[in-house]
């Protein structure tokens with residue numbers, strides 16, 4: 001029997017405004033125009049996520065937009081109540097809609113599980129069919145409702161979470177694809193030096209033919225065949241014959257472009273206007289290359305745009321846009337679209353830049369030999385930013401980009417900490433699984449300690465470590481005679497071959513493994529007094545920051561059980577998987593470093609307490625995390641997939657074969673989980689060359705209104721309808 005409570009948002013789900021008013025008001029008129037058009041581009045591109053999330057998400061979006069555009073919420077409520085919907089049910093409908101907008105689809109951006117309305121289907125129908133939109137167009141709204149209502153409420157086994165094949169739902173692959181199809185397509189893309197970041201795969205089966213064929217779609221505004229920049233002289237678009245390993249005979253791959261074409265046209269129109277207000281040539285060339293990528297489907301062009309982005313040091317207005325994070329692709333390689341615009345917070349940025357200045361010193365403290373570190377640390381920009389606009393499925397607290405291994409290793413990267421996300425989103429409404437004494441300290445230092453962790457995680461976590469590569473000309477980018485495997489003490493025998501990347505080698509485990517490595521770097525290096533001093537903490541207060549950071553990591557590892565699915569034995573969230581692994585390592589260290597006690601809460605129900613022995617962090621915790629972190633880096637550097645996956649999957653396993661019995665504890669964690677905060681973003685409008693900023697109430701209604709204002713034109717409906725209909729035959 002399915003526990004419905006795990007698949008709904010409660011009516012008391014907290015909502016916070018992502019406030020950028022002060023930072024935005026400090027911009028010049030030209031900078032405001034630049035920000036505005038980048039925000040428009042980001043939000044337009046963010047609609048792509050609807051298509052990337054589930055087959056029904058574009059249809060639900062169309063339905064909600066029509067209902068909410070048609071009349072003010074109070075009038076919609078009046079009509080609903082007069083047709084048998086009570087106020088609590090109407091609020092549940094608003095919360096569902098707000099959650100849908102916030103996650104850009106009906107699957108949680110943090111956790112990848114489906115959510116459904118927390119009210120009966122007939123009550124949603126009463127709201128929809130008695131709306132002003134339905135009165136104006138009864139046939140159109142009823143048709144739309146009938147096409148999405150069953151999927152909106154369905155919790156069939158394959159629809160409960162995102163996944164490939166029988167494990168879940170995905171639209172990165174057609175519904176008839178499985179893991180073997182993913183492997184075959186990856187072989188093909190490697191053979192053509194094609195990045196999967198902006199692709200989707202559709203399998204076509206013909207009973208009269210022994211082998212299926214595939215359509216590989218590139219995201220682009222252009223739909224016709226032609227050259228793809230970065231592949232001059234090479235045939236990319238069109239049919240290809242390819243024989244994968246262990247397949248008896250060639251298979252047909254048809255490479256097309258034009259996925260999300262109309263939305264990418266909207267993105268490019270706004271990038272053109274932003275370029276007119278750019279501050280320098282780096283920004284103009286960056287936007288030109290992004291435009292070229294979105295126009296033609298070229299990832300090489302996007303990489304060139306990323307190079308100009310890296311060179312654009314210290315901008316007042318920061319932005320990045322494209323097919324970026326691969327967390328939600330079941331194979332860990334295809335990028336979800338996101339775009340953000342943010343304004344610099346100078347005070348916190350000064351601290352992060354000091355961290356950059358001391359990077360080489362701090363890197364020397366990491367627990368792997370110098371041969372495993374980059375030959376030269378490419379000092380990045382590291383700024384604290386207040387988000388003005390974030391188009392995508394969810395808003396992180398920090399970002400390290402670009403995700404292209406070759407650029408990060410050899411040319412550089414940037415780090416950003418999103419300050420207003422930290423302050424608005426990381427305040428616990430109720431602190432669970434801690435002693436009363438720990439709660440006091442945690443309340444005082446959670447956000448300051450998290451700022452330290454984010455800084456170390458992004459800069460020295462994602463920014464550290466070398467990958468050993470064999471180049472296309474056959475040479476190695478390391479000295480094979482001197483590099484020793486730290487675990488076997490022998491010379492290394494594996495590395496990355498031409499065309500291979502971290503994501504392609506470690507595939508489905510790559511994202512969580514890398515997040516675990518970065519989190520370990522954060523708690524390991526926060527032990528350094530020099531690091532804490534940069535953030536203004538010394539002495540006893542510095543010790544408190546360390547304690548809260550380690551305690552928070554251990555508690556997060558326990559809370560991570562919410563994001564594990566026992567039915568499929570799959571983790572649904574990369575960061576939470578990583579934190580559970582770290583908790584396992586802490587527990588394995590023994591000597592009372594960390595313990596989990598079963599207790600009874602004030603409500604008389606089963607409860608849990610995470611305890612961390614402050615005195616054991618240095619003598620026990622540090623060597624345990626250091627040894628584990630070294631192995632993570634060595635297996636990553638040497639492309640040792642077998643050893644790396646074996647170790648990581650061991651610590652990821654949730655079972656009751658040893659204390660604590662995590663599978664049994666999961667029910668307590670679920671019973672006491674807190675709803676994740678939703679963000680209402682502000683909205684910019686332009687009139688006569690002047691840009692104004694509008695804010696909203698921190699409520700579900702305020703969040704809904706922001707989307708009505710952001711996408712007011714019914715013209716968008718035709719675009720989303722076309723994208724939705726094009727995909728339907730494959731799902």
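Quick notes on this structure:
- Distance histogram for region 430-673 (every C-alpha pair counted, 10 angstrom bins, percent rounded to whole numbers): 7, 29, 34, 20, 8, 2, 0
- Relative contact order for the chain, counting Cα pairs under 8 Å that sit 6 or more residues apart, in percent: 17 percent
- Per-residue [θ]222 nm for the chain (sum of -39500 (n - 2.57) over DSSP H runs n ≥ 4, rounded to 500): -14000 deg cm²/dmol
- Rounded to 5, the percent of DSSP beta bridges in the chain classed as antiparallel: 70 percent
- Distance between region 315-343 and region 1-64 - C-alpha centres, whole angstrom: 14 Å
- Label point distance in nm, residue 491-residue 437, each placed 7 Å from Cα along Cα→Cβ: 5.6 nm
- Three-way shape label, the chain, alpha-carbon gyration tensor, a/c 1.5: rounded
- Computed packing ranks the peptides 576-588, 652-664 as 576-588, 652-664, most packed first, by mean other Cβ atoms within 10 Å.
- Region 590-671, Cα convex hull volume normalised per residue, Å³: 114 Å³
- Peptides 450-463, 118-131 ranked from most to least packed by the mean count of surrounding Cβ atoms within 10 Å: 450-463, 118-131.
- Simple label model, 7 Å out from Cα along Cβ direction - residue 156 to residue 643, nm: 4.5 nm
- Burial ranking of peptide ranges 540-549, 149-158 (average Cβ count within 10 Å, highest at the top): 540-549, 149-158
- Fraction of beta bridges assigned by DSSP in region 212-361 that are antiparallel (%, nearest 5): 70 percent
- Centroid-to-centroid, using Cα positions, region 91-131 and region 445-474 are 37 Å apart.
- Looking at region 168-263, the DSSP beta bridges with both ends there are about 60 percent antiparallel.
- Principal axis box of region 409-451, alpha-carbon based, largest edge first, Å: 48, 20, 15
- Label point at residue 223 placed 7 Å out along Cα→Cβ; residues across region 707-725 whose backbone nitrogen lies under 12 Å: 719, 722-723
- The ellipsoid equivalent to the alpha-carbon distribution of region 168-263 has semi-axes of 22, 17, 12 angstrom, derived from the gyration tensor eigenvalues as √(5λ) and listed largest first.
- Site pair residue 361 and residue 272 shows an inter-label distance of 5.1 nm when each label is modelled 7 Å from Cα along Cα→Cβ.
- Three-way shape call for region 476-598 based on the alpha-carbon gyration tensor, with the a/c threshold at 1.5: oblate
Any read-out appearing in this document is the output of simple, stated calculations on the displayed coordinates, not a laboratory observation. Computed from a prediction, not measured in an experiment: that's the story for all the values here. All Cβ positions, glycine included, derive from the backbone under ideal geometry; neighbour counts span all protein chains shown.
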